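Input: a single structure, listed below in structure tokens.
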Amino acid sequence: MPDQISRFLSTRIDAGDFPSAVYAVSRNGRVVLQNSLGFAVRGPNSVKATNETIYDLASLTKVLVTGLLAAKLLENGAFSLSDNVARFLPEFNTEDKRSITVENLLTHTSGLCAWKPFYLLVDEPAGILPTIAGLKPDNPVGTKVVYSDLNFLVLKELIEKSFGKTIDEAAREQIFEPLGLK
């Protein structure tokens, strides 16, 4: 079993799905399988993943909250997967972004790049959407899956516009309070 888990994770690391993985399986409160694979940090000073590697879960919150709020809006008919983002965000009504749909944002097939250092590019949060709208896509829409923080930033704007409140307020009202999470 440990060989199967490690082999599977190694193939996904080799495919470029993620740079590293750490897993532990416990039975009756005792760890029975554990391994770490890949590099927790890549680059000039690469750091190999270890069983003690800690991953940032903020990205998990981003995916879960954004995904759940988008699902609520889809369910309520505020928008559909096939709706063009430009219908809601006029900044995207440009030649190279007009065909981006809600589905493209959710499936990371928008063509937008993976990330940009907005802390260096804009002085205030209101400047992020116009900056994204002004960027040239890395790929044609719908041709390649690239996990993109920019997709989440655009989805955030779409969600806030649809709910008429900040994403934090919408999450509290639509997710956390109904589940009794404060």
Filter pass, L158 being touching a helix residue (DSSP H, G or I) at 6+ places or on another chain (Cβ under 6 Å), surrounded by 12 or more Cβ atoms within 10 Å (Cβ to Cβ), touching a residue at least 40 places away in the same chain (Cβ under 8 Å) and aliphatic (A, V, I, L, M)
no
Take the conditions farther than 15 Å from G67 by Cβ, in contact (Cβ under 8 Å) with a residue 24 or more places away in the chain, assigned to a helix (DSSP H, G or I) and under 20 Å from the mean Cα position of the chain (by Cα) and apply them to E169. Does it pass?
no
In the list S82, S148, which residue meets the criterion of being in contact with a Cys (Cβ under 8 Å, 6 or more places away or on another chain) and among the small types (G, A, S)?
S148
Selection within the range 52-76 - acidic (D, E) and either open to solvent by less than 60 Å² (accessible area, probe 1.4 Å) or modelled with pLDDT under 85 (or both):
D56
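To keep it simple, each residue is scored yes or no on (1) closer than 17 Å to V63 by Cα; (2) aliphatic (A, V, I, L, M); (3) modelled with pLDDT of 95 or more.
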site	(1), (2), (3)
I100	no, yes, yes
L105	yes, yes, yes
W115	yes, no, no
T131	no, no, yes
Y147	yes, no, no
L158	yes, yes, yes
K161	no, no, yes
E177	no, no, no
Inspect the range 78-89 for any residue being open to solvent by less than 30 Å² (accessible area, probe 1.4 Å) and among the basic types (K, R) and give the result as yes or no.
no
V141 versus (1) open to solvent by less than 20 Å² (accessible area, probe 1.4 Å); (2) outside any helix (DSSP H, G or I); (3) β-branched (V, I, T): which is the lone unmet condition?
(1)
Conditions (1) modelled with pLDDT under 95; (2) open to solvent by 40 Å² or more (accessible area, probe 1.4 Å): number failed by A21:
(2)
Please verify whether L112 is surrounded by 15 or more Cβ atoms within 10 Å (Cβ to Cβ) and touching a Pro at 6+ places or on another chain (Cβ under 8 Å), treating the condition exactly as stated.
yes
What do you reckon, is A49 more than 26 Å from T107 (Cα to Cα), at pLDDT 90 or above and small (G, A, S)?
yes
Within the range 2-119, which helices (runs of 4 or more DSSP H) (wholly inside it) include 3 or more residues that are touching a residue at least 40 places away in the same chain (Cβ under 8 Å) and among the hydrophobic types (A, V, I, L, M, F, W, C)?
58-75, 102-106
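The values are calculated or read from the model by the stated rules, or taken from the named source; none is laboratory data. Keep in mind that what you see is a predicted model, and the values were worked out from it rather than measured. Heads up, the Cβs are rebuilt from the backbone with ideal geometry, glycines too, and the neighbour counts pull from every protein chain shown. What goes into the accessible areas is simple: the full protein's heavy atoms, side chains included, and nothing from ligands, DNA or RNA. Shrake-Rupley method; radii C 1.70, N 1.55, O 1.52, S 1.80 Å.
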